[in-house]
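K.L.:
Structure provided below as structure tokens; questions to follow.
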Amino acid sequence: MIKIDNEYIINADDNSYKLEIKGQIKDENSKNYGKEVTTTYGYYSTLESALIGYIKAKTRKYISKETENTLDELLTEIKEYKQEIQDKIKNI
């Protein structure tokens, strides 16, 4: 398992890489309320494509916020996501 940030992880099996999102059960009526769970965001054939999936997931999350943003602000966010990954890879 590779922890990308506090919310996203990449897992792998013999056939694919999985981008997963960590979260908590928010249904107060559930017996598992507050329990941490992971949800699969997507399956990828390469680690590189899983990292691209991470950038897409972060971008979608940014766009879906209720705050109105400009295209320039979105492009800045995408550059930051890419830079974050590049910085982590440089340390390997």
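K.L.:
Look through segment 38-52, keep the residues that are within 15 Å of Met1 (Cβ to Cβ) and among the aliphatic types (A, V, I, L, M), and return whichever of them is surrounded by the fewest Cβ atoms within 10 Å (Cβ to Cβ).
P.N.:
For segment 38-52, the residue satisfying everything is Leu47.
K.L.:
Could you check how many residues of segment 6-24 are part of a strand (DSSP E or B) and either of a type in the set (Lys, Arg) or over 9 Å from the mean Cα position of the chain (by Cα) (or both)?
P.N.:
7
K.L.:
Still on this model: Looking at segment 29-44, I want the residues that are in contact (Cβ under 8 Å) with a residue 12 or more places away in the chain and on the phi < 0 side of the Ramachandran plot and have a partner that is of a type in the set (A, V, I, L, M, F, W, C) and assigned to a loop (DSSP other than H, G, I, E, B) with Cβ atoms under 9 Å, at least 6 apart or on another chain. Which pairs are those?
P.N.:
Every condition considered, the pairs that remain are Glu36/Ile25; Val37/Ile25.
So that you can scan it fast, the table gives a plain yes or no per residue for (1) over 14 Å from the mean Cα position of the chain (by Cα); (2) within 21 Å of Ile89 (Cβ to Cβ):
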position: Lys26; (1), (2): yes, no
position: Lys35; (1), (2): yes, no
position: Thr40; (1), (2): no, no
position: Tyr54; (1), (2): no, yes
position: Leu71; (1), (2): yes, no
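K.L.:
Within segment 69-90, is there a residue that is surrounded by fewer than 12 Cβ atoms within 10 Å (Cβ to Cβ) and of a type in the set (Lys, Arg)?
P.N.:
So far as segment 69-90 goes, yes, one or more of its residues are surrounded by fewer than 12 Cβ atoms within 10 Å (Cβ to Cβ) and of a type in the set (Lys, Arg).
For (1) farther than 23 Å from Ile78 by Cβ; (2) among the charged types (D, E, K, R), each residue gets a yes or a no:
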{"residue": "Glu20", "(1), (2)": "no, yes"}
{"residue": "Gln24", "(1), (2)": "yes, no"}
{"residue": "Asp27", "(1), (2)": "yes, yes"}
{"residue": "Lys31", "(1), (2)": "yes, yes"}
{"residue": "Ala50", "(1), (2)": "no, no"}
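K.L.:
Can you find, within segment 24-36, the residue that is farthest from Met1 (Cα to Cα) among those that are in contact with a strand residue (DSSP E or B) (Cβ under 8 Å, 6 or more places away or on another chain) and either at pLDDT 90 or above or among the charged types (D, E, K, R) (or both)?
P.N.:
The initial filter retains those residues of segment 24-36 that are in contact with a strand residue (DSSP E or B) (Cβ under 8 Å, 6 or more places away or on another chain), namely 24-25, 34-36.
Keeping just the survivors that are either at pLDDT 90 or above or among the charged types (D, E, K, R) (or both) gives 35-36.
Working: Lys35: 20, Glu36: 16 Å.
Residue satisfying both the conditions and the ranking: Lys35.
The values are calculated or read from the model by the stated rules, or taken from the named source; none is laboratory data. The model shown is predicted, which means the values in this text are computed figures rather than measured ones. Every residue, glycine as well, gets a Cβ built from its backbone with ideal geometry; the counts of neighbours run over all protein chains shown.
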